[in-house]
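The values are calculated or read from the model by the stated rules, or taken from the named source; none is laboratory data. As the structure is a prediction and not an experimental result, all values here were calculated from the model. Positions of Cβ are generated from backbone atoms using ideal geometry, with glycine treated the same way; all protein chains shown enter the neighbour counts.
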Amino acid sequence: MNDKVIVIGGGVAGMTAAGALADLGMEVLLLEKDTRTGGHVKNWDRLFPSRRPGREVMDFVGKSMGSDVEQRCNVIVNSIIRSDDGFSVQLENSEPVTAKSLVIATGYELFDAHKKEEYGYGIYDNVITSAELENIFMEGKKLTTHDGKTPARIAIIHCVGSRDEKVGNLYCSKVCCVTGVKQAIEIREMLPGCEVTSFYMDLRMYDRNFEELYYEAQQKWGVNFIRGRLSECAENPDHSLVLKTEDTLTGRPLKLTVDMVVLLVGFVPGAETRRIAQMVGLQSGADGFLLSADEHILDNSTTVPGVFLAGAVKGPACIVNTIADARATALQVKTFLSSQNAV
Amino acid sequence: MINFGYKIMRDESIDLDRNDMRIAEYLKLHEPSIKLCIGCGSCTATCSTGHFTDFNIRQVHTFIRRGEIKRVKKEIQRCMFCGKCQLVCPRGVNLRNVILTINRAIEQIG
């Protein structure tokens with residue numbers, strides 16, 4: 001068997017890892033359960049912090065795979081059998097495929113906003129998620145309320161499904177803060193007459209140019225920021241929404257009527273990631289994301305020789321970090337296979 | 001001597017070196033979940049009493065943690081124990097027991 005690697009998952013992490021592995025001379029097979037590659041990012045119109053089109057990054061990682069990577073979409077992994085010289089991956093309705101090494105890049109899922117029932121997602125017509133808002137931008141549609149009116153006021157709710165023990169997710173999803181600021185700007189850009197108010201607990205502008213984007217949202221776009229976690233959302237007969245929070249900086253309960261609510265949904269470990277992890281015997285952390293061999297120095301390897309991780313299987317990550325991580329994973333795979341061949 | 005009206009003003013800043021931390025210490029010992037508070041204000045937002053009076057449970061707790069306990073004894077009596085705060089707390093703080101524990105601390109300290 002030559003140095004063949006199977007990458008499971010064709011999002012940004014999997015595509016980047018596959019491209020990098022091919023560049024390093026590996027024979028690569030990329031498996032994707034969806035009808036096409038691109039993961040979550042293919043559904044994202046513009047990317048923080050510069051608001052460049054997501055398509056540009058998608059095109060880049062797509063091209064990085066070149067023609068050397070064999071891609072198979074619409075495939076379901078049924079089981080993975082480990083042998084002395086590698087892995088045999090059993091596929092649904094298809095012959096098994098074999099490789100010396102596996103890269104798990106099955107990513108994450110978005111938090112199901114129905115679980116925060118008090119926010120009214122799926123109950124009230126004008127409560128949408130950040131992913132749905134992005135989809136509206138992507139399709140170039142005009143942002144309207146459910147009954148077609150131009151909204152005069154929109155609220156953006158941070159930390160939906162993140163930092164919330166009540167839904168079992170203690171962790172911070174990292175990218176929602178800056179996504180919320182980006183989307184607030186984009187709403188103001190599309191509808192200059194629409195007021196935008198963000199409800200947050202902390203604004204975690206941790207990376208380069210994030211704080212600058214927050215600054216721009218205040219200075220140029222006049223986005224309002226209120227420090228308080230949304231307690232509940234209720235609907236008026238005219239389908240507008242009443243939000244209740246504490247304005248923690250004045251120390252008083254606050255209510256605000258808006259036409260639409262955007263819920264910034266966080267990352268959750270994917271069901272597919274859990275299923276694949278079980279097949280190869282990988283452990284998850286308390287947060288449900290997969291554990292690497294060592295969080296600092298072996299973060300791309302696992303405790304199972306020959307199995308490697310890339311991207312958001314290890315927890316919430318932005319695109320920059322995911323790409324860097326996937327490239328590092330490719331290098332680790334190469335090192336592993338070289339050491340195997342030397343034996 | 002001419003009285004120009006000058007006087008010595010009392011320092012109104014929170015003095016963490018001198019403040020009375022006894023309620024805070026008692027509370028952290030007997031209801032440790034309070035240590036998880038991140039001050040998000042969900043409790044106050046949903047508080048039945050807080051909507052009709054200036055009672056603010058997040059703020060009362062913050063004052064306790066800073067040792068500013070002068071008004072706590074009177075303030076804490078206003079809670080109606082409906083428990084809505086506990087339902088919305090994203091950190092799972094046992095708020096009803098927080099109130100009971102603050103009352104017990106006040107009893108002991110006098």
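Within the range A:304-312, is there a residue that is within 24 Å of A:Met205 (Cβ to Cβ), buried (at least 23 other Cβ atoms within 10 Å of the Cβ) and either touching a Phe, Trp or Tyr at 6+ places or on another chain (Cβ under 8 Å) or modelled with pLDDT under 95 (or both)? Write out each step before concluding.
In the first step, residues of the range A:304-312 are kept if they are within 24 Å of A:Met205 (Cβ to Cβ); the result is A:311-312.
Restricting the remaining residues to those that are buried (at least 23 other Cβ atoms within 10 Å of the Cβ) gives A:311-312.
Still in the list and also either touching a Phe, Trp or Tyr at 6+ places or on another chain (Cβ under 8 Å) or modelled with pLDDT under 95 (or both): A:312.
Yes - at least one qualifying residue is present in the range A:304-312.
Inspect the range A:185-192 for any residue being within 14 Å of another protein chain (Cβ to nearest Cβ) and either of a type in the set (D, E, K, R) or closer than 21 Å to A:Ala152 by Cα (or both) and give the result as yes or no. Even if it seems obvious, please write down each step before you answer.
Initially, the range A:185-192 is screened for residues within 14 Å of another protein chain (Cβ to nearest Cβ), giving none.
Among the residues of the range A:185-192, not one is within 14 Å of another protein chain (Cβ to nearest Cβ) and either of a type in the set (D, E, K, R) or closer than 21 Å to A:Ala152 by Cα (or both), which makes the answer no.
Output the number of the condition that A:Leu249 fails; it satisfies all remaining conditions of (1) free of Cβ contacts under 8 Å to residues at least 24 places away in the same chain; (2) surrounded by fewer than 17 Cβ atoms within 10 Å (Cβ to Cβ); (3) touching a Ser or Thr at 6+ places or on another chain (Cβ under 8 Å); (4) in a loop (DSSP other than H, G, I, E, B).
All conditions pass for A:Leu249, except number (3).
Taking the options A:Ser162, A:Ser83, A:Ser88, name whichever one is within 14 Å of chain B (Cβ to nearest Cβ) and of a type in the set (Ser, Thr, Tyr).
From the options A:Ser162, A:Ser83, A:Ser88, the qualifying one is A:Ser162.
Please go through (1) at pLDDT 95 or above; (2) within 14 Å of chain A (Cβ to nearest Cβ); (3) exposed (fewer than 15 other Cβ atoms within 10 Å of the Cβ) for B:His51 and return the number of the only condition it doesn't satisfy.
(1)
Any residue at all in the range A:65-72 that's farther than 26 Å from A:Asn321 by Cβ, more than 16 Å from the chain's Cα centre (by Cα) and not charged (D, E, K, R)?
Within the range A:65-72, one or more residues are farther than 26 Å from A:Asn321 by Cβ, more than 16 Å from the chain's Cα centre (by Cα) and not charged (D, E, K, R).
Which one of these does A:Thr248 not meet: (1) closer than 30 Å to B:Val60 by Cα; (2) away from chain B (no Cβ under 14 Å)?
Single failed check for A:Thr248: (2).
Can you list the helices (runs of 4 or more DSSP H) lying wholly within chain B that have 1 or more residues being acidic (Asp, Glu) and in contact (Cβ under 8 Å) with a residue 12 or more places away in the chain?
Passing ranges, in order: B:72-76.
Check A:Asn78, A:Asn126 and return the single one that is under 24 Å from A:Gly281 (Cα atoms), over 21 Å from the mean Cα position of the chain (by Cα) and polar (S, T, N, Q).
Going through A:Asn78, A:Asn126 in turn, the sole match is A:Asn78.
Looking at the range A:138-152, which of its residues are touching a Leu at 6+ places or on another chain (Cβ under 8 Å) and surrounded by fewer than 17 Cβ atoms within 10 Å (Cβ to Cβ)?
The answer is A:Thr150, and nothing else.
Out of all the residues in the range A:166-184, which are crowded, with 22+ Cβ neighbours inside 10 Å and over 17 Å from A:Ile156 (Cβ atoms)?
A:Asn169
So which residues in the range A:87-134 are in contact (Cβ under 8 Å) with a residue 60 or more places away in the chain and over 26 Å from A:Leu263 (Cα atoms)?
A:Phe87, A:Val89, A:Leu91, A:Val97, A:Thr98, A:Ala99, A:Lys100, A:Ser101, A:Leu102, A:Val103, A:Ile104, A:Ala105 - these are the residues of the range A:87-134 that are in contact (Cβ under 8 Å) with a residue 60 or more places away in the chain and over 26 Å from A:Leu263 (Cα atoms).
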